[in-house]
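Quick notes on the structure that follows.
The values are calculated or read from the model by the stated rules, or taken from the named source; none is laboratory data. Computed from a prediction, not measured in an experiment: that's the story for all the values here. So basically every Cβ, Gly included, is an ideal-geometry build from the backbone, and we count neighbours across all protein chains shown.
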Amino acid sequence: MPPKPPRPDLTQLSDTDKDRLIDVLFARMDALEAKLGMNSQNSSKPPSSDGLAKKQKTSSLRGKSGKAVGGQPGHKGSTLKRVAEPTSTKDYPPPSHCNRCHSALALEQAQVLERRQVFDVPAMSFEVVEHRVYTVVCACGQRHDSVFPAAVGDLAQYGPNVRALGVHLTQGQMLPYARAAELIGEMTGCLCRQQPCLPGLAKRAWPCRVQPT
């Protein structure tokens, strides 16, 4: 490090030299402050140079509205409400005997005290439907064969619901085909091994929009 130059004798400087010296000192001070304020977010310095100092949080530019926190008066809130016709019910009957006198309770006279409903999604699994066609020969020797529906064209294929799910995941949610196949396997418990089938499903639905990912 080079030695520091000696401090000038301010009593020997003119007013012009003093003003010039003040400008130089202010410029050096501004440069030092800017250097101290640099970090990996506002300069090309690597993150490792930030040290253990806490990063300054970015303050919101949105001003205070003066409104109270939470729902505003007149706002229609939404919450989960019970339905009149549940899919199924589970009953929890009271004990068969009184816990004080130990007499048998007339459970047939028990009344519903309270109802609580739990909304959930049923566990998914593949439903495999086998389609069959038959053949029969008339007494005259003429053979008659039934035919499959137009939608059933392969020995093994995915149904319309799986196809719709595949198109929604790859085209609506923009998931890669591999991730969509993995997700279908996780949801149904059956591994979708034929990943190339997903691009084919999407092309059938939107032939002009599908691009492989």
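Summary of values
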quantity: Unmet requirement for Q211, which otherwise passes all of (1) of a type in the set (S, T, N, Q); (2) at pLDDT below 85; (3) surrounded by 11 or more Cβ atoms within 10 Å (Cβ to Cβ); calculated: (3)
quantity: Single residue of K54, K90, K64 found to be loosely packed, with under 10 Cβ neighbours inside 10 Å and either aromatic (F, W, Y) or modelled with pLDDT under 75 (or both); calculated: K54
quantity: Meets criteria (touching a residue at least 12 places away in the same chain (Cβ under 8 Å) and not acidic (D, E)) for G159; calculated: yes
quantity: Sole residue being over 30 Å from R163 (Cα atoms), surrounded by 10 or more Cβ atoms within 10 Å (Cβ to Cβ) and free of Cβ contacts under 8 Å to residues at least 60 places away in the same chain, chosen from L105, L113; calculated: L105
quantity: Exclusive hit being farther than 25 Å from A178 by Cα, in contact with a Leu (Cβ under 7 Å, 6 or more places away or on another chain) and hydroxyl-bearing (S, T, Y), set S88, S96, S103; calculated: S96
quantity: Some residue of the range 123-136 being loosely packed, with under 10 Cβ neighbours inside 10 Å, at pLDDT below 85 and within 30 Å of K81 (Cβ to Cβ); calculated: yes
quantity: Residue that is modelled with pLDDT of 70 or more, aliphatic (A, V, I, L, M) and assigned to a helix (DSSP H, G or I), where the choices are A84, A34; calculated: A34
quantity: Selection count where residues are in contact with a strand residue (DSSP E or B) (Cβ under 9 Å, 6 or more places away or on another chain), in a loop (DSSP other than H, G, I, E, B) and surrounded by 10 or more Cβ atoms within 10 Å (Cβ to Cβ), scope the range 93-102; calculated: 1
quantity: Residue selected from the range 20-49 under the condition surrounded by 11 or more Cβ atoms within 10 Å (Cβ to Cβ) and among the charged types (D, E, K, R), by the criterion farthest from the chain's Cα centre (by Cα); calculated: R20
quantity: Members of the range 142-194 found to be β-branched (V, I, T) and assigned to a loop (DSSP other than H, G, I, E, B), listed by number; calculated: V147, V152
